[in-house]
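**Q** Before anything else, here's the structure in question.
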Amino acid sequence: MELLKERIRKDGKIKGTDVLKVDSFLNHQMDVALFAEIGKEFKRRFADCQVDKILTIEASGIGIACVVAQYFQCPVIFAKKNQTKNIAGEVYTSQVESFTHGRIYNIIVAKEFLRPGDKVLLIDDFLANGAALEGLAKLVRDAGAELVGAGIVIEKAFQPGGDRLRAEGLRIESLARVKSMSEETGVEFVD
Ligand code: 5GP
């Protein structure tokens, strides 16, 4: 998606070797007009799929998923990072290792919102090592729901998550695939 790649080139900030900060339009301040274009593009790419629900993970996936959902005309569920006491039996849970914070946390979704047979599209801002998508995919499996695929805004293709999950059969559509990046040379995209 050329518009998105241009924006990343213009406003993305590279931290160290593997963190891309896009706080001015995606992760802190949010460019909702850009989100609308992102929503249209995901709808175009998943036009062949029935999508009953979009599942994302708090916090930065929520804004994007809500705009995307307007194009699919379906509800959004966000997996909560669990701090509350465990309400076992009423929630699906899985564990995710945070790429940005380096710690492991539980994510939960209430069983009443993710139903057997639901056709679920995952949406997230970044794909790096794939832990967030794997955690979300487990919630879908545990619910007996059907995983349609994953829509990712920025995939860091030099990290292993995308290749591994595609090899496992997950359909992933990434709108910008970063081949490499460095503070000196900037961001280079796969295609
Ligand atoms: P993964 O679980 O695939 O390793 O990482 C994906 C999650 O980590 C995303 O939900 C995203 O919030 C965060 N993340 C991973 N890499 C980056 C990055 O380069 N920049 C930002 N802002 N977030 C990232």
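The values are calculated or read from the model by the stated rules, or taken from the named source; none is laboratory data. All values derive from a computational prediction rather than experimental measurement. Virtual Cβ from ideal backbone geometry, glycine too; neighbours counted across all protein chains shown.
**Q** Taking only pairs six or more apart or across chains, which ones have beta-carbon atoms under 7 Å, a first residue in the stretch 54-76 that is under 12 Å from ASP125 (Cα atoms), and a second residue that is assigned to a loop (DSSP other than H, G, I, E, B) and at pLDDT 95 or above?
**A** GLY63/MET30
**Q** Does GLU6 count as at pLDDT 95 or above, surrounded by 14 or more Cβ atoms within 10 Å (Cβ to Cβ), among the acidic types (Asp, Glu) and under 22 Å from LYS179 (Cα atoms)?
**A** In short, no.
**Q** How many residues are within 23 Å of ARG45 (Cβ to Cβ) and basic (Lys, Arg) when one looks only at the stretch 98-128?
**A** 1
**Q** Could you check the stretch 101-132 and list, in sequence order, the residues that are within 11 Å of the ligand (Cβ to nearest atom), among the small types (Gly, Ala, Ser) and touching a residue at least 24 places away in the same chain (Cβ under 8 Å)?
**A** Listed by number, the residues that qualify are ALA128, GLY130, ALA131, ALA132.
**Q** Of the conditions (1) buried (at least 19 other Cβ atoms within 10 Å of the Cβ); (2) under 17 Å from the mean Cα position of the chain (by Cα), ASP163 satisfies every one except a single condition; which number is it?
**A** (1)
**Q** Has the stretch 46-59 got at least one residue that is exposed (fewer than 14 other Cβ atoms within 10 Å of the Cβ), hydrophobic (A, V, I, L, M, F, W, C) and under 25 Å from VAL190 (Cα atoms)?
**A** For the stretch 46-59, residues exposed (fewer than 14 other Cβ atoms within 10 Å of the Cβ), hydrophobic (A, V, I, L, M, F, W, C) and under 25 Å from VAL190 (Cα atoms): present.
**Q** Given the structure, is GLU112 among the charged types (D, E, K, R), loosely packed, with under 13 Cβ neighbours inside 10 Å, under 27 Å from TYR71 (Cα atoms) and modelled with pLDDT of 95 or more?
**A** yes
**Q** Just for the stretch 133-191: of the residues that are free of Cβ contacts under 8 Å to residues at least 60 places away in the same chain, among the basic types (Lys, Arg) and assigned to a strand (DSSP E or B), which one is nearest to PHE42 (Cα to Cα)?
**A** ARG177
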